[in-house]
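Undergrad: Mind looking over this structure? Questions follow.
A short reminder: the numbers here are calculations on the coordinates, not readings from a lab. These numbers come from a predicted model, not from an experiment. Cβ: placed from backbone, ideal geometry, glycine included. Neighbour counts: every protein chain shown.
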Amino acid sequence: MNYYKKLEKNLNKNFLYILLSNFHLTHGVWMLYLAYKGLNLFQIGIMESIFHITSFLMEIPTGMVADVFGRRVSRYMGRLLAVVSTFIMLMANSVYLFALSFIFSALSYNLESGAGDALIYDSLKELDKEGEYTKYKGRFEIFFQLASMGSLLAGGYIATLDYSLVYKISLFIGVITLIQSFSFSEPRIGLADREKTAYLTFLKQLKNSLRIVRENPVIAFVIIFMNLFSTMFTTEFFYLQNYQKAIGNTEFQIGLILAAGSLASAITASKAYKIEKRYSLKNILVFLSILSAICFWGMTIEDIMWLMFIFLSATESIIYIMVNNYLNSLIPSQQRATILSFDSMAFSFFMISFFPIFGRIGDSFGLAISFRITASIATVILGVFVMLMFKKTNNK
């Protein structure tokens with residue numbers, strides 16, 4: 001088959017891959033599952049921290065695996081480790097085995113995080129279509145949110161019957177996804193030059209990537225802002241499950257709330273390309289930052305928490321797509337997966353720092369206090385971002 005036709009097929013295959021790999025039946029119930037297994041909120045927070053510590057330490061090495069050995073190789077290695085993680089989670093009955101499962105899960109995310117975007121962006125670049133990345137990213141985000149919505153509903157319902165069944169079905173889906181991951185083709189551009197040894201190759205790749213970030217500080221600014229924002233959103237997403245359970249909602253009702261958030265994300269993702277064409281990136285991000293701050297505070301009010309979560313999911317989706325496209329446009333192909341791993345590494349660092357603290361505050365003072373503290377921090381982050389955006393514009 002013609003090389004360029006294979007790259008075109010990468011785009012279509014990625015829709016199915018996203019649907020399968022993000023059909024996480026466990027996504028809306030894993031914290032409830034761990035609580036069912038006897039872990040308290042602080043221990044659950046520690047599990048999440050183990051995930052992010054592993055991710056933090058291994059993000060750059062796994063990103064370099066993608067740049068040196070190929071995005072396709074990195075992708076199917078990630079799927080294999082995801083299967084192993086799910087199997088351990090299903091069989092585990094001790095904190096140590098749960099921790100091991102989270103380590104393998106983190107490595108699976110590491111291997112996909114930079115590689116997946118790099119595979120698609122460089123496929124488009126080879127086809128002279130990189131200008132359409134936002135459009136494709138928006139479409140991929142729709143499939144991601146549809147998978148998320150479906151899995152949250154299904155996972156929540158299945159969890160009311162049997163928690164272990166959630167993980168058994170997830171294991172089956174994981175194996176199917178692993179098989180499908182072998183079908184992608186590797187773009188010829190973007191692979192780093194090989195040195196005499198693997199160590200020298202990785203060292204050169206790391207030095208070149210750091211040099212690019214140092215020479216273009218906008219990359220660091222974008223990475224820091226986006227991941228601080230994502231940390232606040234992700235923390236609220238997960239602890240929302242426990243809060244809603246505490247006020248009397250069932251797993252299925254919680255799944256409905258989370259699924260509604262995914263639906264809102266899918267709708268806004270489908271409009272991101274058109275919005276980007278009509279308005280400047282600065283104006284879009286400033287408006288969405290203000291709206292997001294309002295939503296964070298809205299989530300501190302119990303009666304409208306679910307509604308504010310849905311609105312926040314919608315704004316987060318647009319911000320993610322547009323910032324991701326902008327970040328990719330700043331990065332050379334040969335360092336793309338590695339620098340995108342810097343991005344994921346920043347997220348892990350912030351989650352390591354904040355997630356267990358949120359849980360500890362929730363254990364000691366109640367989750368309502370934790371949500372107020374998160375809203376305060378998010379407001380400061382978004383406020384600083386808005387001020388920097390205006391300062392940057394005024395200095396031009």
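Undergrad: Among the aspartates and glutamates, select those whose C-alpha is under 13 Å from the C-alpha of Lys274, and discard any that sit fewer than 8 residues away in the same chain.
TA: Cα-Cα hits under 13 Å: Glu132.
Undergrad: Next question, about the same structure. Among Met64, Met47, which comes first, second and so on when ranked by fewest other beta-carbon atoms within 10 Å?
TA: Result, fewest neighbours first: Met47, Met64.
Undergrad: Let me check I've understood the local charge: for Leu111, count other residues with C-beta under 9 angstrom from its C-beta, Lys and Arg +1, Asp and Glu -1. What total comes out?
TA: Charge balance in the 9 Å sphere: +1.
Undergrad: Let me check I've understood the local charge: for Phe42, count other residues with C-beta under 13 angstrom from its C-beta, Lys and Arg +1, Asp and Glu -1. What total comes out?
TA: -1
Undergrad: Going highest first, how would you order 314-323, 276-285 by mean Cβ packing within 10 Å? Spell out each step's value before the answer.
TA: Working: 314-323: 22.8, 276-285: 13.9.
Top to bottom by mean Cβ count within 10 Å: 314-323, 276-285.
Undergrad: Past 24 Å, Cα to Cα: identify those pairs from Lys6/Lys277; Lys13/Lys271; Lys135/Lys204; Lys6/Lys271; Lys6/Lys137; Lys5/Lys129, in the order given.
TA: Lys6/Lys277; Lys135/Lys204; Lys6/Lys271
Undergrad: Kindly identify the stretch 55-175 as rounded, prolate or oblate by the Cα gyration tensor criterion: order the square roots of the eigenvalues as a ≥ b ≥ c, call it rounded if a/c is under 1.5, otherwise compare a/b with b/c, prolate if a/b is larger, else oblate.
TA: The shape class here is oblate.
Undergrad: 222 nm [θ] for the chain, helices only, -39500 (n - 2.57) per DSSP H run of 4+, per residue, to 500?
TA: Details: 14 runs with 333 residues, N = 396.
Counting only the DSSP helices, I get -29500 deg cm²/dmol.
Undergrad: Here is a follow-up. If each residue's Cβ is checked for other Cβ atoms within 10 Å, how do Glu302, Glu141, Glu59, Glu112 rank with the fewest at the top?
TA: Listing Glu302, Glu141, Glu59, Glu112 from fewest to most nearby Cβ atoms yields Glu302, Glu141, Glu112, Glu59.
Undergrad: Could you size up the charge dipole of the chain around its Cα centre, putting +1 on the beta carbon of Lys and Arg and -1 on that of Asp and Glu, and report it in debye to the nearest 20?
TA: 1020
Undergrad: Can you sort Ser105, Ser164 from fewest to most other Cβ atoms within 10 Å of each residue's own Cβ? Walk me through the numbers on the way to the answer.
TA: Working: Ser105 24, Ser164 14.
By the 10 Å Cβ count, ascending, the order reads Ser164, Ser105.
Undergrad: Next up: Checking the cross-link filter: which aspartates and glutamates have an alpha carbon closer than 18 Å to that of Lys245, excluding same-chain neighbours under 8 positions apart?
TA: Asp162, Glu236, Glu302, Asp303, Asp363
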